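This report refers to the structure that appears directly beneath it.
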Amino acid sequence: MRPLLLLFALVLPLASSAAPATIDWLDLLPAEDYQAMLDMPEIDHGGNLDSEGDFTQNLHQRDGLPEVMYSTRVVDDYDGQSVRIGGYPVPLETDAQGRYLSFFLVPYAGACIHVPPPPPNQIILVDYPDGIVIDDIYQAFWVQGTLRVSQSSNELADASYALSAERVWLYDGE
């Protein structure tokens, strides 16, 4: 029995420190939404590029988009998983030093200003207590932490996932 306990004591810490799974945004789409995205006509992402944009509008869904663009369906298998995902920040809450403690992570740049927003199941609400400086919302970041299936809504957007970030860093293309 002692050898088994010793083995368990050695293996358990290794299992809990395993590297997070690197996931893609498409991994967060249920099969029916993935197929609907493939079948969807192209959406005009140009819009009015000269229009004023800020962080107080435009992430909520716009009228007239295909139904899949409003989807809150999720992939439950990722609930509670340690993951790493690349995306673009939409800043929400800062600390006294101007570091962002909370932001939405989205799959493409400009989702907050000039283009139709992603569906809620392609928006992740990120909580990062260490905070990060975001100088350019067109710069991608890696975000690593525990992903949860969690529907949330605020004045900017609806999100179907939340992530408690342990680490956030500039996307290096890898």
With 10 Å bins from 0: P(r) over segment 67-168, alpha-carbon pairs, percent
17, 52, 29, 3, 0
In whole percent, the fraction of accessible protein surface over segment 104-174 that belongs to carbon or sulfur atoms, probe radius 1.4 Å, stands at 47 percent
Taking the full set of protein chains and a 1.4 angstrom probe, give the accessible area of Thr22 in square angstrom, rounded to the nearest 10.
80 Å²
5 angstrom amide H check on Phe104, placed H, neighbours 5+ away
Val90, Leu92, Val126
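So how much slack lies between Leu65 and Ala31, counting 0.36 nm per residue of separation and subtracting their Cα-Cα distance, in nm?
That works out to 10.3 nm of additional length.
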Phi-derived 3J(HN,Hα) across segment 81-95 with the Karplus relation (6.51, -1.76, 1.60, θ = phi - 60°), rounded Hz, x for Gly and Pro, is 8, 7, 9, 10, 9, x, x, 10, x, 10, x, 10, 10, 10, 9
By how many nm would the segment from Asp39 to Ala21 lengthen if fully extended, with 0.36 nm per residue of separation less the alpha-carbon distance?
3.7 nm
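The values are calculated or read from the model by the stated rules, or taken from the named source; none is laboratory data. Quantities reported herein were computed from a predicted structural model and do not represent experimental measurements. Calculation scope for accessible area: heavy atoms of the full protein, side chains included, ligands and nucleic acids excluded. Shrake-Rupley method; radii C 1.70, N 1.55, O 1.52, S 1.80 Å.
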